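One structure is given here, and the rest of the page talks about it.
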Amino acid sequence: MTWRTRYENGKDELLVDNAICKANRKVFAELFEFEEYKLKRRNQLPNLDDACYKTLYGYIHKLRNANTWFENKPWIAITKDDIKRVYDALEDGKIKNARGQPIADRASYYNKIFKSKPFRIVRKDVLAKEVIEFYTRRKEEVRFVTEDTFRKMVSVLSKPQHLLLFWLAWDLGENVDALLKLTKRDFTRQKNPHTHEPEYLVNLQKAKLKRSRQARTEPTLYAETVRYADIVLERLKADEPLFTFGYRQALKLMHSAVEKTGATCLPSNGPVRWKDLRSGMACHLLKNGWTREEVDARLGHTPNSSALNAYLNYLAIDRQKPKKRLFDSSLEHVQSELEEARRREKLHGERLERQAEENRELRDELKETQTTVRDMKKLIEIAMRKLDAPGDGRPVTRAKGTARS
């Protein structure tokens with residue numbers, strides 16, 4: 001069922017519900033007409049799209065609840081005391097949801113109902129602002145999944161479609177609603193120019209994203225994403241959707257994986273939700289050296305978004321940078337000393353090598369000298385032997401006139 005169908009059915013039921021006073025139903029009808037026109041003009045659309053209908057559908061539940069809290073009293077007649085009673089009950093946790101828990105999303109009631117158009121129609125928005133003067137939005141809750149927990153969750157999945165959805169949620173960090181709208185045409189397979197490994201470029205079109213998201217094209221980071229995308233995309237035509245199931249089935253998949261693995265998110269240890277994979281991916285990238293700007297861009301945040309502030313504070317990444325600079329400085333000093341020691345060792349080695357070469361040359365010269373001396377000795381010995389040798393046996397001829405002894 002599309003969001004348009006849900007909204008139109010829900011609106012019709014609300015506006016004909018006789019359990020709600022007629023005056024309030026008239027206010028609701030005027031609100032819906034105003035919001036439909038506002039969304040169309042603000043988003044420059046000729047007709048409302050699915051994202052607009054999703055926003056409008058959210059009003060139906062809130063209006064029913066608010067009508068109950070004010071005990072079906074015509075809103076044009078409510079007083080400052082009535083608003084204060086409801087406000088205090090919400091803040092003190094006395095008003096609970098269907099699960100018996102205090103209303104967590106109180107800010108949306110204050111900003112979309114009490115201080116906004118519904119109460120402005122009956123001229124009660126000024127009273128509401130006075131009553132809610134001291135409300136401050138609580139700090140954004142930090143919830144994220146570690147990579148180890150994520151890998152444990154996907155280990156209990158078996159179907160390629162299910163595995164691909166989980167890996168895309170972790171890899172791209174996009175909401176499951178948007179991922180379920182992707183078609184084969186949104187994927188382009190290529191080789192990474194640096195690593196030469198296969199990857200997909202995923203085109204995240206504006207029409208498929210939340211209003212606050214930026215359209216972008218992101219490369220996949222994990223080999224597992226490529227592996228399961230290859231399997232799923234092979235069987236599809238260009239405009240066919242990747243997934244043959246919707247949001248409700250995706251919720252069942254998540255609940256099943258959590259139940260089988262006992263997966264929880266940090267730091268609250270609450271059960272993992274789809275949106276926790278998005279924040280988990282962001283924290284994983286931040287801890288692995290990505291800059292805030294790079295992570296913001298991958299998540300589709302607008303420039304200078306404050307969405308990551310709570311996570312940066314929790315991870316203390318910014319506060320770790322001065323310590324890292326100090327460590328890097330000390331490390332550079334140690335490395336410098338090590339390089340100097342290596343240079344000295346190299347010079348010493350070269351000196352020893354030169355001395356060894358000189359010694360080899362001296363030994364060679366000495367050997368040559370010794371050989372020459374031995375040769376000379378042999379020549380002298382031969383000459384001496386010739387001088388000491390007896391005559392050849394012929395008589396010695398004497399000169400005339402030499403007297404005999």
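The values are calculated or read from the model by the stated rules, or taken from the named source; none is laboratory data. Because the structure is a prediction, the values reported are computed rather than measured. All Cβ positions, even for glycine, are placed from backbone atoms using ideal geometry, and neighbour counts span all protein chains on display. These area figures cover heavy atoms from the full protein model, side chains too; ligands, DNA and RNA do not enter into them. Shrake-Rupley method; radii C 1.70, N 1.55, O 1.52, S 1.80 Å.
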Inter-residue pairs, beta-carbon under 8 Å, first exposed (fewer than 15 other Cβ atoms within 10 Å of the Cβ) and in segment 276-291, second modelled with pLDDT under 90, 6+ apart | 287/315; 287/317
Do we have residue 73 as modelled with pLDDT of 95 or more, open to solvent by 50 Å² or more (accessible area, probe 1.4 Å) and farther than 17 Å from residue 115 by Cβ here?
-> yes
Can you name the residue in segment 48-84 that is in a helix (DSSP H, G or I) and β-branched (Val, Ile, Thr) and, of all such residues, is nearest to residue 128 (Cα to Cα)?
-> 83
In segment 85-118, the residues that are of a type in the set (Val, Ile, Thr), more than 11 Å from residue 62 (Cβ to Cβ) and not in a helix (DSSP H, G or I) | 95
Tell me, yes or no, whether segment 158-172 has at least one residue that is open to solvent by less than 50 Å² (accessible area, probe 1.4 Å) and hydroxyl-bearing (Ser, Thr, Tyr).
-> no
Is there any pair linking a residue in segment 58-69 that is over 13 Å from residue 17 (Cα atoms) to one that is acidic (Asp, Glu) and surrounded by 15 or more Cβ atoms within 10 Å (Cβ to Cβ), with Cβ under 7 Å and at least six apart or on different chains, and which?
-> 59/35
What residue, of 154, 86, 176, is among the hydrophobic types (A, V, I, L, M, F, W, C) and out of contact with any Leu (no Cβ under 8 Å at 6 or more places or on another chain)?
-> 86
Residue among 39, 14, 45 that alone is hydrophobic (A, V, I, L, M, F, W, C), out of contact with any Gly (no Cβ under 7 Å at 6 or more places or on another chain), within 22 Å of residue 181 (Cβ to Cβ) and in a helix (DSSP H, G or I) | 39
Filter segment 45-57 for residues that are under 32 Å from the mean Cα position of the chain (by Cα) and not β-branched (Val, Ile, Thr); the one that is surrounded by the fewest Cβ atoms within 10 Å (Cβ to Cβ) is 50
Complete set of residues in segment 68-85 that are in contact with a Phe, Trp or Tyr (Cβ under 8 Å, 6 or more places away or on another chain) and under 30 Å from residue 37 (Cα atoms) | 75, 78, 83
Provide a single number: the residues in segment 1-44 that are closer than 21 Å to residue 115 by Cβ and over 38 Å from the mean Cα position of the chain (by Cα).
-> 11
Of the criteria (1) part of a helix (DSSP H, G or I); (2) modelled with pLDDT under 80; (3) exposed (fewer than 10 other Cβ atoms within 10 Å of the Cβ); (4) not hydrophobic (A, V, I, L, M, F, W, C), which one residue 318 fails = (3)
Do the conditions hold for residue 224, that is, is it surrounded by fewer than 19 Cβ atoms within 10 Å (Cβ to Cβ), in contact (Cβ under 8 Å) with a residue 60 or more places away in the chain and of a type in the set (Asp, Glu)?
-> yes
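Just to check your reading of the model, which residue among 297, 250, 229 is open to solvent by less than 20 Å² (accessible area, probe 1.4 Å) and in contact with a strand residue (DSSP E or B) (Cβ under 8 Å, 6 or more places away or on another chain)?
Every option except 229 fails the conditions.
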